[in-house]
Structures are given as structure tokens and as C-alpha cells.
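Chemist: Before anything else, here's the structure in question.
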Amino acid sequence: MQKGNIGVTTENIFPVIKKFLYSDHEIFLREMVSNAIDATQKLKTLADRGDFKGELGDLSVRIKLDEKAGTLTISDRGIGMTEEEINKYINQIAFSGVTDFLDKYKDNANAIIGHFGLGFYSSFMVSKKVEIVTRSYQDGAKAVKWSCDGSPEFTIEDAERDDRGSDIILYIDDDCKEFLEKQKIEELLQKYCKFLPVPVVFGKKQEWKDGKMQDTDQDNVINDVEPLWTKTPSTLKDDDYKQFYRTLYPMQDEPLFWIHLNVDYPFNLTGILYFPRIKQNIELQRNKIQLYCNQVFVTDQVEGIVPDFLTLLHGVIDSPDIPLNVSRSYLQSDRDVKKISTYITKKVADRLQSIFKENRKEYEEKWDDLKLFIHYGMLTQEDFYDRAKDFALFKDVDGKHYTYDEYRTLIKDNQTDKEGQLVYLYATDKEEQYSFVEAARAKGYSVLLFDGQLDVPTVSMFEQKFEKSRFTRVDADVIDRLILKEDAKKEELPLAERDNLSAAFKSQLPPMDKADFFVEVKALGEQASPVVITQSEYMRRMKDMSRYQPGMSFYAQMPDSYQLMLNSDHPLIKRVLDDETTQCAEKLKPIDSEIKGLEARLAVLRQEEEKKKPEEITQAEKDDKSKTQSDIDHQKDLRRQVIADYAKGNNIIHQLIDLALLQNGMLKGAALDAFLKRSVELIK
């Protein structure tokens, strides 16, 4: 028997491993099974080269639980080890010093194992003792047993083993008893070993018999040794890809299409990426790409390996050039990983381009599912816009699709304003904004439909990318002012009459939480609506963007700003104005006269004040000016009250306001109830 100490530079290596790897302790099973696979693959390589001439036989890796003994055993029939090899590979750990170890890797289990080659020693995260019973494939080799109880001390002694290969026997620690549960081991094998290239057997298959599930004689092989991404694309059919997708994501809808990756220079990479039907939800689709290294599952956190927008894809990436035990911080600085990221982006763009060219009709049918993904890429990765602009589409309210260049050609003659700006009109909901869309159609304008989750955030990007262009929602203004072709004609109503009309309508607007209304009187033509509510394109866009950009959150707190446009050309507005003038003239005459006199006095006081230095103005003069301003404000309040009292009894004003609010989905509660009752009364 040989005894000795494991070659490390610190006495407390095992407590350190146990403590700092504990959060990721389940990866021990991946490491143990991966080592067994490696040993098996090496034997197959030796046989292929003629260096091993024996029978390969059953090369399955077998996992066995013994709850009574408290052990978990991983067995293989690979190359095995001699005593000399145990000393070389197990008893010497290339380790640079505990201080550096703790400083650099204490928070990252993957980096510790991957960087220092401590895969085997991850077993001590869950074990109070580990034994290796192994026999080399070499002729005349003897079986040996290595044993260690979690201290630097080990023993090696002769053992009995009829066959080549290794058994790794883990005596599971008291605080890790879940790894003696069959269900837990099955779960981990499914997670990490589902596509390993050598059969992995865990127990027997079961069948229902005599009222319960019972073991059969058939091995329970948990993995598919030849997953789809390892096969040649030309040998596969669409149904193969769809079936594999169902294997990966049993509850998902069928994918739109897929890309089969297969590259061997300047790095090795295989895989299949699927375009899911992502539609309106970005967040729920994350972490669907599975990263493998030689068919060993590593992680589904692939943000460091593919650009952020590509994390919306589903599928598998397999590359031996990515370290088995990955940490995202390590990956982001790895040159190979950046090359892989660039390659995948290019392949995705190429695939979309080819589908668009080969079958545009099918591509257009899938556009609503694709556009969130493409817009996300354009917004988050500068160079993706340049790749995607030729196959990205606009869809109008009639469901017709156009490339960016096609649409520009379509609208340039009719939708260019007097400043030479090309105006793109869009709706976010063609039903809610129906009347505005129809008004635009009547002018011969085309209206785009931007109803996707990221459609509106792309508007600012388009305005930066498109030359001399701006985007305006179709309800941002009355139709004649959305695309100004000539200078606006002068208003026909005198200022006083416009002010009286504005005051009457403003006084009867129902109070709304976080909503400000500004009333404006414009001559819009007799055929236009009497009252229209619009919302500033700029403010609405800023509020929309605040949902996606935390730095703009203050816009979300601001009230919505609406404009109530009164059409002075419409007969109903004219009737209101005439009636208001008749009903209010006598009451307003003395008030207006008083305001005029007070404003003249205030102007004189200000002129006198301007002739003096601040220190020469007396308190009496300041008080006089202040009182005059206060008197003006009081008279204006009286004036507003007269108009409000009149407007309160005018059903046409109420009806027009409510119709405008109803058109915009803003009439609710008591105001809606009053509108319904008033409408019935007006019909009688």
C-alpha cells in the first residue's frame, strides 16, 4: 500500500473547494460523467489507430445508486489508469497558490474548475470520501484502488477488478443527501448528459405491471448519442428538425425556421438555432439556447457568447473552443467567443436574407413573428441594422408588406412636406385610430401599422437612418397639419372669439388623472370633424421610450398632453359661438371693460417702474402694481365663470367633447354614463 499527500500548495484545499464551489455543487456529476466519457473516447481512438486490439464490447457509462451504503458510483470501460497514472493525474494538482485562488475565483465555481483542471476534485463538494477502483487497458495491468477522505492524505492499494476501466465511488456527505435520491440524479443526468456521445445508463427502464411501475431487463439509456446537430444537414428533413425542437422544448409552438451551424475554421462550432414565434414577449423567451462542449451541457446563459438580441433564439450551440466550465465574465473577454458571436450574427442575417429572397410570400406571412427579433437586433447592435435593412419590412394598415426602399418610393411623391421632409404616417392600433387612418386615406396617404412591442422604439432609429424623413403617428394632429404642403392660411376668427370658444370647451372637460388638455381653434373646413383630440408626437414618443430606457423614466411620470382642436368652420362650432356671444355678451361687457382699464393701468405702472432703479421703487408702488395684477386676475376669474356657467348648460358643447373623448377611448365612468343619458335625451 502506498500512502502520501496530494501535491498542493496548501493544507486546506478541500475545505476551500467545498466552501467556494458549494453554490454550484451539482456540477460534480457532469464532471464525473464527462471524465468517464473522455476515458471511453480515448479507448475508441486507440482502437481506431490500432494501438488497442482488444474487444471494445459495451462502452456504456453506468451510474449506480446505493442508498443503504450512501454511495453514488460512476463506472466506465474506458482506458483506466495504472498506479503511475494515478500519481500523475490525480495526486498532482497544478495549483498556483491559495491567495490568488481565493482572490480571483472565490465567487465562481465554474472558473475554479475550468481554470485549474479540478474537475475530478469537484466530487469532494458532495462527498466525505472518494474511491477510484481502476484497471488500465494495457496488457498485464493490475487493478488499483485510490482512496481519499477529503484531506490531503490518500492511499493506493491493490484491488480486484476483472475488466478495464474505472469505478468512481462517491460516499455522499451528510449535508448532500439529495444526491442519493433517484429523482435528483435523473434530473441532473437529463440536464447535463442528455446528448453525450457514449451511452449513459442509469438503472433499468420501467413498465406498469401488477398495479405499479417495475424494472424491466432493459437498460435505461438517458442520452441520445447522435443528436441532430452532429449530423450532416443534407441527410435531414424538416420533420427531423421539428421533432428535435419538440425534444428540446416540449411545450413550445412549432418554430418558424432554423439554421444548422457547421464550421471548422477559424474555430469549431456546430449547432441548430431555431426562430421561435416570439411575438410580443421578450423576457419570457430568454435562456433558451443551450451551450454544449463536445455534447456536454454547459449552460443556457449564453449572453456572453451570442449578442443580446440573439438570446431570443432557441436551440443548441456546441463548440470545443469554449471552455467546458464557462463563466460569463471570462467569456466576454475571450477572443474566440467574440469570433463565434460575430459568426452566429452573420449566419442569422444570411439565413433571413436567403429566406426573404427565395420565398418572399412565406417570409411576409411570418413577419409579425420575426419583427420583434429583428427590431431588437437593430436597436441593440449597430451593425445588425446594416445587415438587416434589405430584408426588414414595413407593413401597412391593409396588411401589405414593403422593404424600406420600396416604401420610400411608394410615398415620396405624395407625402413630402413643404420643407422637403418625407413624412411616414403610422398607427399603433388601426381600430382605435380608425377615423384618423381613414382621414389619411382620404388624402391619398399611406399609413403603416406599428403594433409590435418594439415598433415604436424603432421610430427614432429610422429617423436617424433615413435621409430627410420623419415619422408621425396618424393621430398626432389633424390631417391637414400632419404633412404641411404650404403655409397655413390665416385664421378667420378674431382672437377674442377664439378665446371665448376655447374657454367654454375647456371649462367642461371632465377631470382626468395625469392628463392635461390644451384647447385650440383652427379653420379646418366644413367637412372636417367639429372637435378632434390629438396628442403631441414628441411627448408620446418620449413616454413610450421611457418604458424601455430607464434613464428616461421621468417622462413616464409626466401627465399626458392632449390638444382639443375646435374646427371653427364646422356649423356646430359656429352655432356654439353664436349662442355664446348672444348669451354672454351683456355679462362679459363690463368685465372686459374693467380688465381693459386695469391692464392699461398696469402698463403705466410698469413703464414708471422701468424708469427707476430697483432701490428707488417705494413699497407703495410695489403694492399698487401687485393689487392691480390681483384685480386683473379676479376679473379674469369672473370672466371664466360667466363662460363656464353658460357652457355648463349647453348640451352641444358636452356632446362634442364626449364624442371626441369617446373616439380616443377616454370617456369612462360617470362621464360616459352622463353621455349615454344625454344622447338618449337628444334623440327623443
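The values are calculated or read from the model by the stated rules, or taken from the named source; none is laboratory data. Because the structure is predicted, anything quoted here is derived from the model rather than measured. Don't worry about glycine lacking a Cβ; one is built from the backbone with ideal geometry, like all the others, and counts go over all protein chains shown. Each accessible area value is taken on the protein alone, full model and side chains, heavy atoms only, with ligands, DNA and RNA left out. Shrake-Rupley method; radii C 1.70, N 1.55, O 1.52, S 1.80 Å.
Chemist: For the chain, what does the accessible surface come to per residue with a 1.4 Å probe? Please give it in Å².
Modeler: Computed with neighbouring chains in place, this is 51 Å² per residue.
Chemist: I've got another one for you. Taking all protein chains together and a probe of 1.4 Å, list MET251, MET213 from the most accessible to the least accessible.
Modeler: MET251, MET213
Chemist: Near SER561, within a Cβ-to-Cβ distance under 9 Å, what is the net charge of the other residues, with Lys and Arg +1 and Asp and Glu -1?
Modeler: Charge balance in the 9 Å sphere: -1.
Chemist: Please list, in chain and number order, the residues 5+ apart from THR299 or on another chain whose amide H is under 5 Å from its amide H, with Hs placed from the backbone.
Modeler: It is LEU291, by chain and number.
Chemist: Please report the antiparallel percentage of DSSP beta bridges with both residues in the chain, rounded to the nearest 5.
Modeler: 75
Chemist: Let me ask something else about it. With θ taken as phi - 60° and the coefficients 6.51, -1.76 and 1.60, list the Karplus ³J(HN,Hα) couplings across the stretch 161-168 in order, rounded to whole Hz; mark glycine and proline as x.
Modeler: 7, 6, 10, 5, x, 9, 10, 9
Chemist: Please list, ordered by chain and number, the residues whose modelled amide H lies under 5 Å from the amide H of LEU449; skip anything fewer than 5 residues away on the same chain.
Modeler: LYS395, ASP396, VAL397, ALA427
Chemist: Tell me the mean residue ellipticity at 222 nm calculated for the chain from its helices only (DSSP H runs of n ≥ 4, each -39500 (n - 2.57), averaged over every residue, nearest 500).
Modeler: About -13000 deg cm²/dmol.
Chemist: Taking each pair of distinct Cα atoms in the stretch 147-235 once, what is the resulting Kirkwood hydrodynamic radius in Å?
Modeler: That comes to 17.0 Å for the stretch 147-235.
Chemist: Restricting to lysine pairs 8 or more places apart or on different chains, what number in the stretch 449-536 have Cα atoms under 25 Å apart?
Modeler: Within the stretch 449-536, the lysine pair count is 9.
Chemist: Provide the convex hull volume over Cα atoms per residue for the chain, in Å³.
Modeler: With only Cα atoms used, the chain gives 289 Å³ per residue.
Chemist: Using a cut-off of 14 Å between beta-carbons, work out the net charge of the residues near GLU621 (Lys and Arg +1, Asp and Glu -1, GLU621 not included).
Modeler: Counting the neighbours of GLU621, the net charge comes to +1.
Chemist: Taking the Cβ of GLY203 as the center, what net charge do the other residues with Cβ under 15 Å away carry, scoring Lys and Arg +1 and Asp and Glu -1?
Modeler: -3
Chemist: Let me know the Kirkwood hydrodynamic radius for the stretch 637-684, please, with Cα pairs as the basis and the value in Å to one decimal.
Modeler: One decimal place: 11.6 Å for the Kirkwood radius.
Chemist: While we're here: Among the listed pairs LYS64/LYS177; LYS596/LYS648; LYS347/LYS400, which are separated by more than 24 Å between their Cα atoms?
Modeler: As for pairs spanning more than 24 Å Cα to Cα, those are LYS596/LYS648; LYS347/LYS400.
Chemist: Translational diffusion coefficient, Stokes-Einstein: compute it for the stretch 464-522 using the Kirkwood radius over C-alpha pairs as Rh, at 10 °C and 1.306 mPa s, and state it as an integer in µm² s⁻¹.
Modeler: The diffusion coefficient I find is 108 µm²/s.
Chemist: Hey, can you grab everything whose amide H is under 5 Å from the amide H of ASP318? Only 5+ residues off in sequence or another chain; H modelled, so Pro and N-termini drop out.
Modeler: Amide H neighbours of ASP318: THR270, GLY271, TYR292.
Chemist: Sticking with this structure for a sec: If you average the alpha carbon positions of the stretch 121-143 and of the stretch 43-61, how far apart do those two centres end up, in angstrom?
Modeler: Going from one Cα centre to the other spans 20 Å.
Chemist: Evaluated at 25 °C with a viscosity of 0.890 mPa s, what Stokes-Einstein diffusion coefficient in µm²/s does the stretch 34-88 have when Rh comes from the Kirkwood expression over alpha-carbon pairs?
Modeler: 194
Chemist: Give me the accessible area of LEU588, 1.4 Å probe, in Å² rounded to the nearest 10.
Modeler: 10
Chemist: A follow-up question, please. Excluding ligands and nucleic acids, what accessible area in Å² is computed for LYS506 using a 1.4 Å probe, to the nearest 10?
Modeler: In the full protein context, LYS506 sits at about 110 Å².
Chemist: On to the next question. Count neighbours as other Cβ atoms within 10 Å of each site's Cβ, and list the trypsin sites (Lys or Arg not before Pro) in the stretch 618-679 that are DSSP loop with at most 14 such neighbours.
Modeler: Sites meeting the loop and neighbour criteria: LYS668.
Chemist: Beyond 13 Å, what share of the Cα-Cα pairs of the stretch 447-488 remains, rounded to the nearest whole percent?
Modeler: In whole percent, the share of Cα-Cα pairs in the stretch 447-488 beyond 13 Å is 62.
Chemist: Moving on. Quick one: which of 56-64, 31-39 comes out on top by average Cβ neighbours within 10 Å, and what's the full order, highest first?
Modeler: Packing proxy ranking, top to bottom: 31-39, 56-64.
Chemist: Something else about it: Please go through the stretch 452-520 and write out the chymotrypsin sites (Phe, Trp or Tyr not before Pro) that DSSP classes as loop and that have at most 10 other C-beta atoms within 10 Å.
Modeler: Taking the stretch 452-520 and a limit of 10 other Cβ atoms within 10 Å, no loop chymotrypsin sites (Phe, Trp or Tyr not before Pro) are found.
Chemist: Using DSSP to call loops (not H, G, I, E or B), can you name the trypsin sites (Lys or Arg not before Pro) in the stretch 413-460 whose Cβ has at most 11 other Cβ atoms within 10 angstrom?
Modeler: LYS418
Chemist: Go through the stretch 348-356 residue by residue and turn each phi into a ³J(HN,Hα) via Karplus (6.51, -1.76, 1.60, θ = phi - 60°); whole Hz please, and just put x for glycine and proline.
Modeler: Once θ is set to phi - 60°, the couplings for the stretch 348-356 become 5, 5, 4, 5, 5, 4, 5, 5, 4 Hz.
Chemist: Taking Cα pairs under 8 Å and at least six residues apart, what relative contact order does the chain come out at, in percent?
Modeler: 8
Chemist: Also, I was wondering about something else. Using the Karplus curve 6.51 cos²θ - 1.76 cosθ + 1.60 with θ = phi - 60°, what ³J(HN,Hα) values do you get for each residue of the stretch 306-312, in whole Hz, with x for Gly and Pro?
Modeler: Each residue of the stretch 306-312 in turn: 10, x, 3, 5, 6, 5, 6 Hz.
Chemist: If the cut-off is 16 Å between C-alpha atoms, which lysines fall inside it for LYS622, apart from same-chain ones fewer than 8 positions away?
Modeler: LYS611, LYS612, LYS613
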